[in-house]
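Asks: Got a structure here, written out as structure tokens. Questions coming.
The values are calculated or read from the model by the stated rules, or taken from the named source; none is laboratory data. In this text, all values refer to a predicted model and were calculated from it rather than measured experimentally. All Cβ positions, even for glycine, are placed from backbone atoms using ideal geometry, and neighbour counts span all protein chains on display. Each accessible area value is taken on the protein alone, full model and side chains, heavy atoms only, with ligands, DNA and RNA left out. Shrake-Rupley method; radii C 1.70, N 1.55, O 1.52, S 1.80 Å.
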Amino acid sequence: MLEAHGSRAARRAREFEAFVAGAGGRLLHAATLLTAEAPDDNPRARRLLTLSLAHTYARWDRLRGGDPYDRTRAHLATRFARGAWHHYGGLGRSRPHPASPTAPLTPRERLILVLRLHEGVAEEQTAALLGLSPERVRAICHRATSTLLHRPLGQAPAVTAAKAVPS
């Protein structure tokens, strides 16, 4: 009996390691976009991903034919939304890293944009996951896309005339 439990635990660990090896990079990229951190300096995204993977591993045996990627992504999204709510008083503005492509967006806009465009989650599924109507998800996604596409390019550096050095 003990040997059967040990072999099942070893199989579970191998399956989970294979899942993380295959999906970990994409999930980390999604978490980095959500947290609006720099790609090379993303401790909040790594923590968010670690907690989501731990949640998936704890429920690994109960997946039984379910998609572990969908489960992990859903947990990642809800954990991010809950964390943004508690840390920033609702899904208001956080302090994103200026190098992040999603920096000008609110946490809610980032969440919907990452789920819809980066992850390809259907509008209805995104709405159900976040407790919003599909129309609201569509409107937020459109606004976020417009914000990213039409953001100001920033100010051009000032051009000053070189002073002539007297000889």
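Asks: Near the amide H of Leu105, under 5 Å away, which other amide H atoms are found, from residues 5 or more places off or on another chain, if H is placed in the peptide plane?
Replies: Hits under the 5 Å cutoff: none.
Asks: Please report the carbon-and-sulfur percent of the accessible area for the stretch 13-130; probe 1.4 Å, protein heavy atoms only, DNA, RNA and ligands left out.
Replies: 53 percent
Asks: Scattering from the C-alpha atoms of the stretch 23-67 alone, worked out with Debye: what is log10 I(q)/I(0) at q = 0.27 1/Å?
Replies: Cα-only, vacuum Debye calculation for the stretch 23-67: -0.90.
Asks: With a point put 7 Å past each Cα toward its Cβ, work out how far Asp70 is from Ala128 in nm, to one decimal.
Replies: It works out to 0.8 nm between the two label points.
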